[in-house]
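Here's the structure, in structure tokens; my notes come after.
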Amino acid sequence: MRWALIGASTIARQYMIGAIRAERGNIVRVLSSSAERARDFAAEHKIPKSGADLQELLADSDVDAVYISTTNEKHLPQALAAVKAGKHVLCEKPLALTLDDATAMVRAAKEAGLVFATNHHLRCSGSHRAVRALITSGRIGRVLSLRLHHAVFLPPHLQGWRINSPDAGGGVIPDITVHDADVARFLLGEDPVSVVAQMASSGLGDGVEDSAMSVWTMPSGAMVMSHESFTHPFAGSGLEAHGTEGSIFAKDVMTQNPIGSIELVTAAGREAIGFDNHDLYRESVLRFHAAVAGDGEPAATGVDGVKSLAVALAVRDAARKGVRVDVNYGDLH
Ligand code: NDP
């Protein structure tokens with residue numbers, strides 16, 4: 001697979017270039033809004049071609065697929081242009097700023113017969129898969145509740161558009177709640193129906209929220225509690241799933257790395273649960289490559305990206321209005 005990177009971003013630098021190459025993907029060019037930055041980024045990562053012209057990148061017949069990791073407001077035009085040029089798309093979350101825009105991107109790829117994937121890394125982790133396997137195999141009985149703890153501290157080098165730019169899609173809800181929505185959907189196999197929420201600016205947010213807490217109603221009746229923040233240096237992350245026959249405690253598993261621990265507690269006692277420690281982003285790329293080759297679906301599809309965004313948008317709406325909000329998933333299935 002021959003890749004072009006759209007966006008000279010931190011996530012590309014820290015995780016995705018390595019993941020693509022580890023899965024034998026060939027990165028042939030990189031795009032930045034600044035030709036100079038693109039050139040420096042290309043030199044740093046030994047990428048043959050660089051530039052600031054999207055149309056030139058998309059006209060390159062050496063490019064099969066694009067990885068879009070620009071700021072959130074750019075995903076829509078870049079994804080639509082890539083699809084128009086016949087390129088497969090792996091797009092960062094949130095797919096877009098609105099449900100209609102995200103839906104348009106995914107629908108365009110579907111109509112063109114191209115693979116479109118969302119880079120929701122957490123469902124690619126061995127830990128989340130192990131938790132899901134415990135739930136689906138009935139080890140905790142009927143699921144009563146899921147608690148998602150994802151209040152972290154945004155490192156200084158990322159304290160830019162995420163904390164001060166609504167126009168670029170900043171705020172903790174599009175950044176982290178969107179991941180947690182995907183986690184709940186992945187673990188429970190159902191989509192939140194309605195949400196109540198509150199949000200706050202607790203030290204970093206400047207024009208956008210930096211913290212959110214919400215409660216989601218699931219079709220089964222299970223309750224989901226979700227907490228995201230950019231301002232919590234020592235909270236640690238994790239999730240708990242509680243059922244009629246047992247509870248799962250997964251610590252430090254809302255991360256970009258294959259770390260953490262899982263414990264199952266039932267009437268029989270406490271049991272440490274092992275899990276595979278493969279690289280999360282490699283798994284995303286692996287499944288994307290397979291999907292392009294006609295083997296299955298990406299780990300998180302475009303529809304998954306639309307649905308996670310729908311939940312995040314409902315959380316923000318509920319927090320703004322102070323009322324319960326039904327999640328609007330649009331008409332894509
Ligand atoms: P960055 O701020 O690092 O990158 C976003 C854009 O900012 C880049 O495309 C680049 O623009 C510009 N930029 C980056 N660094 C510099 C710099 N030093 N000087 C000038 N401009 C710079 O954001 P992230 O990498 O953290 O996030 C990018 C996307 O990836 C977002 O959509 C985010 O939500 C998503 N993301 C997903 C993660 C996941 O696990 N799935 C984890 C982290 C982020 P240009 O390309 O024009 O040069």
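The values are calculated or read from the model by the stated rules, or taken from the named source; none is laboratory data. Predicted, not measured: the structure shown is a model, and the values here were computed from it. Ideal geometry is used to build each Cβ from the backbone, glycine not excepted, and the neighbour counts take in all protein chains shown. The accessibility values were calculated without ligands, DNA or RNA, using every heavy atom of the protein model including side chains. Shrake-Rupley method; radii C 1.70, N 1.55, O 1.52, S 1.80 Å.
Figures for the structure shown
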read-out	value
Three-way shape call for segment 225-277 based on the alpha-carbon gyration tensor, with the a/c threshold at 1.5	oblate
Non-local Lys pairs in the chain, i.e. 8 or more apart or on different chains, that have alpha carbons under 24 Å apart	19
Relative contact order for the chain, counting Cα pairs under 8 Å that sit 6 or more residues apart, in percent	19
Protein-only accessible surface order, largest first, of Asp167, Asp182, Asp40, Asp317 at 1.4 Å	Asp167, Asp40, Asp317, Asp182
For Met223, distant residues with modelled amide H under 5 Å away	Ser145, Leu146
Antiparallel DSSP beta bridges within the chain, as percent of all bridges there, nearest 5	60
Mean residue ellipticity (222 nm) of the chain, computed from DSSP H runs ≥ 4 via -39,500 (n - 2.57), nearest 500	-9500 deg cm²/dmol
Accessible surface ranking that places the most exposed of Asp175, Asp53 first, with a 1.4 angstrom probe	Asp53, Asp175
In Hz, Karplus ³J(HN,Hα) per residue of segment 65-75 (6.51, -1.76, 1.60; θ = phi - 60°; x = Gly, Pro)	9, 10, 10, 9, 9, 7, 5, 4, 6, 8, 4
In degrees, nearest ten, helix 280-292 long axis to first principal axis of the chain (Cα)	60
From phi via Karplus (6.51, -1.76, 1.60), per-residue ³J(HN,Hα) for segment 179-184 in Hz, x at Gly/Pro	5, 5, 4, 5, 4, 4
Förster radius 45 Å - calculated FRET efficiency between Thr98 and Ala267 (Cβ-Cβ, nearest 0.05)	0.40
Per DSSP, loop chymotrypsin sites (Phe, Trp or Tyr not before Pro) in segment 1-95 with at most 10 further Cβ within 10 Å	none
Calculated FRET value between Glu111 and Asp62, using beta carbons and R₀ = 22 Å, to 0.05	0.35
